[in-house]
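The values are calculated or read from the model by the stated rules, or taken from the named source; none is laboratory data. Note that the structure is predicted; figures quoted are calculated from it, not measured. For neighbour counting, all protein chains shown are included, and Cβ atoms are generated from backbone atoms with ideal geometry for every residue, glycine included. Only protein heavy atoms, including side chains, enter the accessible area calculation; ligands, DNA and RNA are left aside. Shrake-Rupley method; radii C 1.70, N 1.55, O 1.52, S 1.80 Å.
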Amino acid sequence: MGSTEFAEHFSLRNIPFGIASSQKHSSPQAVTRVDNNVMFLGDLMVSGLFHGIDGLPDTVFHQDTLNAFAALECSLQRAVRERIQEAVGANELASYPAESQEHIDAVSMHLPVQVRDFVDCSCSGNHVRNAGRIINNSVQLPPIFFNAPLAYQGRAGSIVVSGTDIERPKGLRYSAPASSEPSARPTVVFAASERVDYELELAAIIGKPIPMRNPLKPQEVDDHIFGFVVMNDWSARDIQGLEMPPLGPFNGKSFATSISPWVITADALRPFRVEKTSSGGSTAGYLHDPESSTFEITMQVDIMAAGGKTTLGSSQIQDLDWTPRQMIAHSVSSGSALRTGDIVSTGTVSGSEEGSHGCLLEATEGGMKPISLHNGANRTFLLDGDTVRMTAFAGGVGAGVGFGECIGTLLPCPRL
């Protein structure tokens, strides 16, 4: 079910898109949201709300993913969004069938797009420095970071919608030495992860596809971004630590990745475009963006445990060294394609100060500095039963656009 707590995120300025079902609408289909009112776009299409928008397929909102709509030209998506804003603003929807609109509490949200590829970038120099200092006792950025955002191919089949429970993964990791003798060495075991973490990220969803051998400049990317979601790239740090050298993340990252259900369009975020504040930049010409354009978005991560909430970190997209435009331009620079529904993520969004970290690895100094929760309990990494909630908001409260929540609860590891 949706949450009424985030009504202010979805004012008339927003008009997000998602996929929902309900008792009245048993088949998942396209929806939008204003405040706590969810509008089923297939019903509104049949009722004539979008009459006159040339080129809009009749069945585009009756499908169980947004891929067909996302693949359309931005001008068509913009026309749909503006028509909804006009109708709601003029209170015209009162004349449409009552079943075309339902309260957010009456609907279930589903994965908004079919994802065939998932690229996870590393756009935050703060995160890379912090992780390097904790793991390798070095704050030196790898040479490639000064030329392009780091990235790896994630597991698209493990992407789930917000609200899906997450099982503690099992995998290969080091165990503690069998004795305290200096010569004792840790052994590799197949066991449940003891260091499950979250990663606070913003992810772009590709709309109009980018064919192979069609590299783009950063300023040309906008026409191919359908919108953005909040992402929690769940991580098993002990499994990840063993498998990282020399090829990078695999099973330590692939057990689950959660995304928020509402796609916030690039048009909704356009008023909040700013110049990035970080000093990072590329020596590679193909990533030069004359506008250095990003978004003013504040992200926050909370842990919900023992009947209360503790905010663990708050950070800003404009502090990233690499922008969403640049990470997508880099993804296709080799000639690779991006297809409708593909996801390209920023990686962990972290600031430089305490309280601005986007994962527990940083916030607890690799488990050496426990965080105190609201109830006095401590955390180094996540415990079974912990619920992680992420939110994001562009602009100022009362005049901005929000993303709602990306939430998931960690369940015990299934029997080995």
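If packing is taken as the average number of other Cβ atoms within 10 Å across a peptide's residues, how do 247-256, 342-351 rank, most packed first?
Those peptides, ordered most packed to least, come out 342-351, 247-256.
Taken one residue at a time, the phi angles of region 138-154 give Karplus couplings (6.51, -1.76, 1.60, θ = phi - 60°) of 8, 9, 6, 6, x, x, 5, 4, 7, 10, 6, x, 4, 7, 8, 7, x Hz. Gly and Pro are set to x. Cross-link partners for LYS170 among the lysines, with Cα-Cα distance under 30 Å and sequence neighbours closer than 8 places in the same chain left out: LYS253, LYS309, LYS369.
Selection among PHE393, VAL196, ILE328 by position relative to the dipole of the chain gives VAL196 as farthest towards the positive end (Cβ unit charges, Cα centre).
Could you work out the local net charge near GLU99, counting Lys and Arg as +1, Asp and Glu as -1, over the other residues with Cβ closer than 14 Å to its Cβ?
Values: positive: LYS24; negative: ASP43, GLU102.
Computed value for this residue: -1.
Since only ASN232, ALA71, GLY171 are under comparison, the one whose Cα sits farthest along the positive direction of the charge dipole of the chain, derived from C-beta charges on Lys, Arg, Asp and Glu, is GLY171.
What full-extension length gain, to one decimal in nm, is calculated for ASN37 and GLN153 as 0.36 nm per residue of separation minus the Cα-Cα distance? It would help to have the intermediate numbers written out before the result.
Details: separation 116, 0.36 × 116 = 41.76 nm, distance 3.67 nm.
Computed gain between ASN37 and GLN153 is 38.1 nm.
Calculated from the structure at hand, percent of Cα pairs over 42 Å apart is found among [x] 7; [y] 13; [z] 48 as [y].
Amide H to amide H, with H built 1.01 Å from N, LEU66 comes under 5 Å of VAL113, GLN114, counting only residues 5 or more places away or on other chains.
Across region 340-348, rounded Karplus estimates of 3J(HN,Hα) from the backbone phi angles (6.51 cos²θ - 1.76 cosθ + 1.60, θ = phi - 60°) give 3, x, 4, 10, 10, 10, 6, x, 4 Hz, Gly and Pro being marked x. Summing charges over all other residues whose Cβ lies under 14 Å from the Cβ of CYS74, with Lys and Arg as +1 and Asp and Glu as -1, gives -2.
Charge tally around ALA151: other residues with Cβ under 15 Å, Lys/Arg +1 each, Asp/Glu -1 each, net -4.
Could you work out [θ]222 nm for the chain from helices alone, using -39500 (n - 2.57) per DSSP H run of at least four and dividing by all its residues? Round to the nearest 500 deg cm²/dmol. Let's see the in-between values first.
Details: 9 runs with 65 residues, N = 416.
Only helices count here, giving -4000 deg cm²/dmol.
Taking the highest mean first, how do the peptides 289-300, 190-201, 79-90 order by number of other beta carbon atoms within 10 angstrom per residue?
Descending mean neighbour count gives 190-201, 289-300, 79-90.
For LYS276, a cut-off of 18 angstrom between C-alpha atoms picks up these lysines, skipping any fewer than 8 places away in its own chain: LYS217.
Taking only protein heavy atoms and a 1.4 Å probe, the accessible area of region 206-348 is 52% carbon and sulfur. Compared with the direct C-alpha span, the chain from GLU167 to CYS413 gains 88.0 nm at full extension, assuming 0.36 nm per residue. Shown is the FRET efficiency for SER26 and VAL139, computed with R0 = 41 Å from the Cβ-Cβ distance and rounded to the nearest 0.05: 0.15.
Hey, if you drop one equal point scatterer on each alpha-carbon of region 203-262 and run the Debye formula without solvent, what base-10 log of I(q)/I(0) do you get at q = 0.14, 0.21, 0.23 Å⁻¹? Summing over Cα pairs of region 203-262 leads to -0.63, -0.86, -0.88.
In terms of its alpha-carbon gyration tensor, region 7-110 comes out rounded; the largest-to-smallest axis ratio a/c stays below the 1.5 threshold.
Take the Cβ-Cβ distance between ARG185 and THR277 as r, set R0 to 30 Å, and report the resulting FRET efficiency rounded to the nearest 0.05. If you can, show how the numbers build up before the last one.
Details: r = 45 Å, r/R0 = 1.51.
So the FRET efficiency works out to roughly 0.10.
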